[in-house]
Amino acid sequence: MSWKLFEESAPELARFGYEKLNRKIAYLATIKQDGSPRLHPVTPFIENGMLFIFTEPSSPKISDLRRDGRYTLHCSVGGGGPLGEFLVSGEALVISDPDIRQQAEHTAASPVVLESYVLFEFQVNQVLLVEYDEDMKRVIRRWSSGKVK
């Protein structure tokens, strides 16, 4: 499902995720052809209910995601925003719609995004949120298929 549908289903988790992921360094896990994991630093951004990344055309994550769209995206624990971790998993889709791409380029507003870059939208299937209460005890929440646990 799109970020927008996730946000409608679990607004508090989506707010936390937005604070941890939007325009911040995160780590994208993809699956290599041999089935082993591969990790990539990325800067995702969220706009109009969609979770995006642009990637340079020679990046190995492109072939990984085109072959097998499954991904996991994890924020840094610190790095600004609330204290905690946010992990999202789902399927990545290549965006070729010129209107969506133009909007994403405008939103990214980055001089490093070139016309040759590939745009991916990340669908949201599962979320894991680890935050800390006032006593620094871990509080873990999970979301999947529209249910918060």
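Based on protein heavy atoms only, the range 25-149 ends up with 55 Å² per residue of surface accessible to a 1.4 Å probe.
What number, in percent, do you get for the relative contact order of the range 1-86 if the mean sequence gap of Cα pairs under 8 Å and at least 6 apart is divided by its residue count? Contact order relative to length: 35 percent.
Within the listed set Pro11, Pro60, Pro98, the Gaussian network model of the chain (springs between alpha-carbon atoms below 10 Å) gives the highest mean-square fluctuation for Pro98. Relative contact order, whole percent, for the chain stands at 25, derived from Cα pairs under 8 Å and 6 or more residues apart. How big is the charge dipole of the chain about its Cα centre, in debye rounded to the nearest 20, if each Lys and Arg gets +1 on its Cβ and each Asp and Glu gets -1 on its Cβ? Once rounded to the nearest 20, the dipole reads 440 debye. Is the shape of the range 1-108 rounded, prolate or oblate, going by the alpha carbon gyration tensor and its root eigenvalues a ≥ b ≥ c, with a/c under 1.5 for rounded and a/b larger than b/c for prolate? Oblate, since a/c reaches 1.5 and b/c is not below a/b.
Taking Ser116, Ser89, Ser63 in turn, the Gaussian network model of the chain (Cα-Cα springs below 10 Å) assigns the largest fluctuation to Ser116.
Here the chain has 51 percent of its accessible surface on carbon and sulfur atoms, given a 1.4 Å probe and all protein chains in place.
Free of any GluC sites (Glu not before Pro) that DSSP assigns to a loop and that have at most 13 other C-beta atoms within 10 Å, the longest stretch within the chain is 1-114. Here r is the Cβ-Cβ distance between Gln126 and Gln103 and R0 is 25 Å; the resulting FRET efficiency, rounded to 0.05, is 0.40.
The values are calculated or read from the model by the stated rules, or taken from the named source; none is laboratory data. Because the structure is a prediction, the values reported are computed rather than measured. When we count neighbours, we look across all protein chains shown, and the Cβ atoms used for this are built from the backbone with ideal geometry, even at glycine. These accessible areas exclude ligands, DNA and RNA; they are computed on the full protein's heavy atoms, side chains included. Shrake-Rupley method; radii C 1.70, N 1.55, O 1.52, S 1.80 Å.
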